[in-house]
Amino acid sequence: MNSSLRAIPKIDKILQEKCFVEYNQKLLAKITKEKIETLRAGIISKITQSVDYNKLVCDIDKAYAKVFEPSLKPLINATGVILHTNMGRSLISEDIIKRAMPVICNYSNLEYNLELGCRGERYAHVSTHLKELLSVEDVLVVNNNASAVFLVLNTFAKNKEVVVSRGELVEIGGSFRIPEVMSQSGAILKEVGATNKTKLSDYENAIGENTKMLMKVHQSNFTIEGFSEDTPYEKLKELSVQNNMIDYYDLGSGYIPKLPYNLGQKEHSLMEILKYNPSLVSFSGDKLFGSVQSGIIVGKKELIDKLKKNQLLRMLRIDKITLALLEESIKSYLKEEFDAIPTLSMLFASVDELEKRALQVQSKIGKEKCEVLQSETVMGGGTLPNRKFPTIVLHIKGKADKLEREFRKKFIIGRIESDKFLLDFRSIQKRDIEKLIKIVDDSIS
């Protein structure tokens, strides 16, 4: 037998090493067995010439530690895209988390009525503040807006027709398609108009005995330009009232304060839609609203009550952590503390402020290594499609592809534009500036 093979230590001996005393022995034994098998295979194939016991122990220790490394890691988003879907969309401020901590870390009255001493309703905790904020009859919150769409259609239009413009049969991230969601919900799609033009008369002509709902869908991720026309929501609302049916606007992303840089010109704010007293509107909590992932449904109380009775709600409900954080976000809106909503804080930051931060970084690492430039960015997350707004970037001099890889390894995600590697200060957090300076300086020194 090969002497090196005879030198391979037994698993029991390795498990008894002092450095492994507090380790999970079952997991440690599994890793040790795998490392020994790898070592044996290496010796047989003559890739490995001898057994280094200390190195083997060290390799096992590293492999054990790697098991407990978090898969989710904090990143510095230097792409400039504020609602970056791949990076978790909206940030939650530390202030809001601190406010929610007493509820998250303790037992709470999640479904307990303190006044009556009996079972309560979890949705009441955010509905009170949301009704105050939005001046609506009632509110229901589910785990995301896709769930909201499905629940609305399943509750009110199962085996019934829902009229939707062909120009609004959208697909968003993750292959979420309106026609397929409607089919799964049991609703019958009745598409009207043309891809680029849908008139009020198209909706009027489509209404029949089996029509239950007129639905409008936000055109996420794209716009139709040129020879085009769409029917304003208020006209659909009037038509639905005339025909005694439900109007439903899947707004996708709802915002409250007036958007800067004229971004709101082609986007309906929540208040603009809600002034028409809609039957139902739904939007995402983690897009322009700037809070946690959730689907917020607002509208008529009698309709919200029916949604609550749908057995699907049990599968779509949000948990106590989401509720606690969402409630604190809504309270920040009520107090007009918009700085507590990072999405809004980043969006509303002036170009002058962004330039100041970029110059701070440049001054520390040297003008010969980087330059401050003006650029444009987008909001992301299926919001404000094709709407660009100004930003400030730091061009790191060097080969763009190589720099992108190096910075990504250090958990900084930038972007390449015109063969230049850029760090966009629209989405870089102020608290990360010093950390960024050190990493940039180390990477290009």
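Details
- A count restricted to region 258-276 and to residues that are assigned to a loop (DSSP other than H, G, I, E, B) and in contact (Cβ under 8 Å) with a residue 24 or more places away in the chain stands at 8.
So that you can scan it fast, the table gives a plain yes or no per residue for (1) under 30 Å from Arg415 (Cβ atoms); (2) hydroxyl-bearing (Ser, Thr, Tyr); (3) at pLDDT 90 or above:
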site: Val21; (1), (2), (3): no, no, yes
site: Glu34; (1), (2), (3): no, no, yes
site: Tyr53; (1), (2), (3): no, yes, yes
site: Leu56; (1), (2), (3): no, no, yes
site: Asp59; (1), (2), (3): no, no, yes
site: Lys62; (1), (2), (3): no, no, yes
site: Phe68; (1), (2), (3): no, no, yes
site: Ile76; (1), (2), (3): yes, no, yes
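- For region 37-57, a residue qualifies if it is out of contact with any Leu (no Cβ under 8 Å at 6 or more places or on another chain) and either touching a residue at least 24 places away in the same chain (Cβ under 8 Å) or more than 22 Å from Ser4 (Cβ to Cβ) (or both), and the qualifying residues are Gln49, Ser50, Tyr53, Val57.
- Qualifying residues in region 48-91 (those that are hydroxyl-bearing (Ser, Thr, Tyr) and outside any helix (DSSP H, G or I)) - the one surrounded by the most Cβ atoms within 10 Å (Cβ to Cβ): Ser90
- Tally, over region 127-171, of residues that are more than 16 Å from Met315 (Cα to Cα), under 20 Å from the mean Cα position of the chain (by Cα) and not acidic (Asp, Glu): 1
- Taking region 1-26 as the range and being assigned to a loop (DSSP other than H, G, I, E, B) and without any contact (Cβ under 8 Å) to a residue 24 or more places away in the chain as the test, the residues that pass are Met1, Lys10, Gln16, Val21, Glu22, Asn24.
- The residues in region 154-212 that are among the polar types (S, T, N, Q), part of a loop (DSSP other than H, G, I, E, B) and over 22 Å from Val241 (Cα atoms) can be counted, and the count is 2.
So that you can scan it fast, the table gives a plain yes or no per residue for (1) of a type in the set (S, T, N, Q); (2) in contact with a His (Cβ under 8 Å, 6 or more places away or on another chain); (3) surrounded by fewer than 16 Cβ atoms within 10 Å (Cβ to Cβ); (4) free of Cβ contacts under 8 Å to residues at least 24 places away in the same chain:
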position	(1), (2), (3), (4)
Glu302	no, no, yes, yes
Asp305	no, no, yes, no
Lys308	no, no, yes, no
Arg317	no, no, no, no
Ile321	no, no, yes, no
Leu334	no, yes, yes, no
Phe338	no, no, no, no
Thr343	yes, no, no, no
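- All positions within region 130-144 that are touching a strand residue (DSSP E or B) at 6+ places or on another chain (Cβ under 9 Å) and either under 13 Å from Ser329 (Cα atoms) or part of a helix (DSSP H, G or I) (or both): Leu130, Lys131, Leu134
- Hey, Leu169 aliphatic (A, V, I, L, M), assigned by TED's automatic domain parsing to the domain that holds Lys266 and farther than 24 Å from Arg387 by Cβ or not: no
- Any hit, region 27-43, residues being touching a Cys at 6+ places or on another chain (Cβ under 9 Å), outside the structural domain of Gln293 (by TED's automatic domain parsing) and either among the charged types (D, E, K, R) or not in a loop (DSSP other than H, G, I, E, B) (or both): no
- Test: residue in region 354-369 that is more than 22 Å from Asp441 (Cβ to Cβ) and touching a helix residue (DSSP H, G or I) at 6+ places or on another chain (Cβ under 8 Å): no
- Taken over region 202-217, the criterion of being surrounded by 15 or more Cβ atoms within 10 Å (Cβ to Cβ) and touching a residue at least 40 places away in the same chain (Cβ under 8 Å) is satisfied by Tyr203, Ala206, Ile207, Thr211, Lys212, Met213, Leu214, Met215, Lys216, Val217.
- Test: residue in region 116-129 that is surrounded by 17 or more Cβ atoms within 10 Å (Cβ to Cβ), in a helix (DSSP H, G or I), touching a strand residue (DSSP E or B) at 6+ places or on another chain (Cβ under 6 Å) and not β-branched (Val, Ile, Thr): yes
- When region 317-371 is filtered for residues that are part of a strand (DSSP E or B) and either touching a Phe, Trp or Tyr at 6+ places or on another chain (Cβ under 9 Å) or outside the structural domain of Ala400 (by TED's automatic domain parsing) (or both), only Arg317 remains.
- Tally of residues being over 21 Å from the mean Cα position of the chain (by Cα) and not in a helix (DSSP H, G or I) across region 92-108: 4
- Test: residue in region 188-197 that is among the β-branched types (Val, Ile, Thr), closer than 21 Å to Leu307 by Cα, in the same structural domain as Leu312 (by TED's automatic domain parsing) and touching a strand residue (DSSP E or B) at 6+ places or on another chain (Cβ under 6 Å): yes
- Matching residues in region 221-265 - criterion: being of a type in the set (D, E, K, R) and out of contact with any Leu (no Cβ under 8 Å at 6 or more places or on another chain): Glu225, Glu229, Asp230, Glu234, Lys237, Glu238, Asp250, Lys258
The values are calculated or read from the model by the stated rules, or taken from the named source; none is laboratory data. Keep in mind that what you see is a predicted model, and the values were worked out from it rather than measured. As a convention, Cβ positions derive from the backbone with ideal geometry for all residues, glycine included, and neighbour counts pool all protein chains shown.
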